[in-house]
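This report concerns only the one structure given below.
The values are calculated or read from the model by the stated rules, or taken from the named source; none is laboratory data. Just so you know, these numbers come straight off a predicted model, no measurement behind them. In this analysis, Cβ positions are derived from the backbone assuming ideal geometry, glycine residues included, and neighbour counts consider all displayed protein chains.
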Amino acid sequence: MAASANTIILLIEDHPAIARQKKDILIKAGFGVKFAGSFSSALSMLKESQDISLILLDINLSNGCDGISAAEHLTEEYEKPLIFLVSSQGIPKVPKSRDIQSYGYLSTDSPEALFIASIQTALRLFIQEKTEKEHGEDSENYRSIINAMNESVWVISYDGSFIDFNDTAVRQLGYSRENLSTMGPSDIDASMSAERIHYLLEHMADEKTQFFETSHKARSGRVIPVEICSTIVMYRGQQAILSIARDITERKKAEEQISSLLQEKELLLKETHHRIKNNMGVIRSLLSIQSRSAPDISCQDILLDAANRLQGMMVLYDKLYRSRSFTELSIKNFLTSLIKEVIAQYPSAHRIKTEIALEDITLDTKLLSTIGIMISEMLTNSMKYAFPQKTSGTISVQAYRQNNTVSLVYADDGIGLPEDTDLDETSTFGLELIHLLTKQIDGTLSIDCTGGTRYILEIGI
């Protein structure tokens, strides 16, 4: 340890000539020096100054307190290295000082180089001992902390072996500390291959932190699902990987239970939708049968219109039954089927050409149900009234999205509605229903009767 003016030596010596000589040697070597001619003066200096690095004490001190008693007090009260300065008169006291924690003895006649070297050695040893003590305390704190954790803690070298682990790891896996000390992650992992583990270790330096799930196999054969968080740490002067493994057995059980309940719910919903569809089919069939025995054409039309409205609902529930989601559905998937099935109910269906251009837009099923009823009404009006004299006709349906608005355009090239058609004043049930449903979904509807009938429905989503 090189001498520095910041390294202060407290020289306690009641012999003026020796004190002056040793002080000059210390200053010459580059040390800072504080001088005390008595034990009481030395105590005052130690209380006032925190920067004293070493105490050089005359073993034969006699001014107010002898050197042995002074050394005992100083080593008990202050954490400072102490060296006895021994003259020929003080040699008989050396045996009495052997129980005192000191850093050796220096003769007042020691050569200057030996004198300075001994002080430097004492300072170096003191710093080393203090560092080791602090590291020992840190190690004890570290051990107490990791052993108090409920999670398994592993310190892993980059070659894939365990350097350290806590009591939870030992208890959880059932191996002895001796056994685990000869093992590594690949010996306890029940899910990942050795190649995968090697890859994770190899890339740890780049990723800094890793978070993943795997499973550990205990000595008994029990497989324990774990959630692992790994990071890089310095352990005893070398870089290593710290992994904390949390037992997630209960969480996995809960997830499996939730998954099972969700599957059960899904099956119940599918069965519900299937039964609703079948019940609607029965009602629709009854309405169709009733229409054939109705006394006049108007009654037949009313019953058939009701049957067609049920057809739209049946298509929706059929799609929901076959879908993975019960709350959302593609407008393309839904309307394509609905249009074909409603048109197929009419004898003139073979004369009608359809042009369908629907974007694959996913909408809430409640909104789709309303749109389905509206499209069914539009189709019914077209099939019944748009082509009375024509041998053929075209019905087109478009749907597209712009920002937060879905636009639905329905058109036929039939005779068209009267030019003075007013949705607010209409007396026909079909148009009135379309108008009311538009308000219900907060949409806007416009009608163009030029060259047929064209409905433009816009809905904010």
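When Ala205 is tested against (1) of a type in the set (A, V, I, L, M); (2) under 22 Å from the mean Cα position of the chain (by Cα); (3) buried (at least 16 other Cβ atoms within 10 Å of the Cβ), just one condition goes unmet, and that condition is (3). Remark: Ala36 matches the filter, which requires a residue to be more than 17 Å from Ala113 (Cα to Cα) and in contact with a strand residue (DSSP E or B) (Cβ under 7 Å, 6 or more places away or on another chain). Out of Ser260, Ser220, one residue alone is without any contact (Cβ under 8 Å) to a residue 60 or more places away in the chain, over 26 Å from Ser161 (Cβ atoms) and surrounded by fewer than 16 Cβ atoms within 10 Å (Cβ to Cβ). It is Ser260.
Checking the stated criteria, Glu227 turns out to be assigned to a strand (DSSP E or B), without any contact (Cβ under 8 Å) to a residue 60 or more places away in the chain and not aliphatic (A, V, I, L, M). Within the stretch 62-107, being of a type in the set (Phe, Trp, Tyr) and either over 22 Å from Phe126 (Cα atoms) or assigned to a loop (DSSP other than H, G, I, E, B) (or both) holds for Tyr78, Tyr103. With respect to being hydroxyl-bearing (Ser, Thr, Tyr) and assigned to a helix (DSSP H, G or I), Ser260 fits the description.
Taking the stretch 338-370 as the range and being under 54 Å from the mean Cα position of the chain (by Cα), over 18 Å from Asp305 (Cα atoms) and assigned to a helix (DSSP H, G or I) as the test, the residues that pass are Thr365, Lys366, Leu367, Leu368. Screening Tyr199, Tyr235 for residues that are surrounded by 13 or more Cβ atoms within 10 Å (Cβ to Cβ) and either of a type in the set (Ser, Thr, Tyr) or at pLDDT 90 or above (or both) leaves exactly one candidate, Tyr235. Candidates Ser376, Ser382, Ser407: the one that is touching a residue at least 12 places away in the same chain (Cβ under 8 Å) and closer than 22 Å to Lys277 by Cβ is Ser376.
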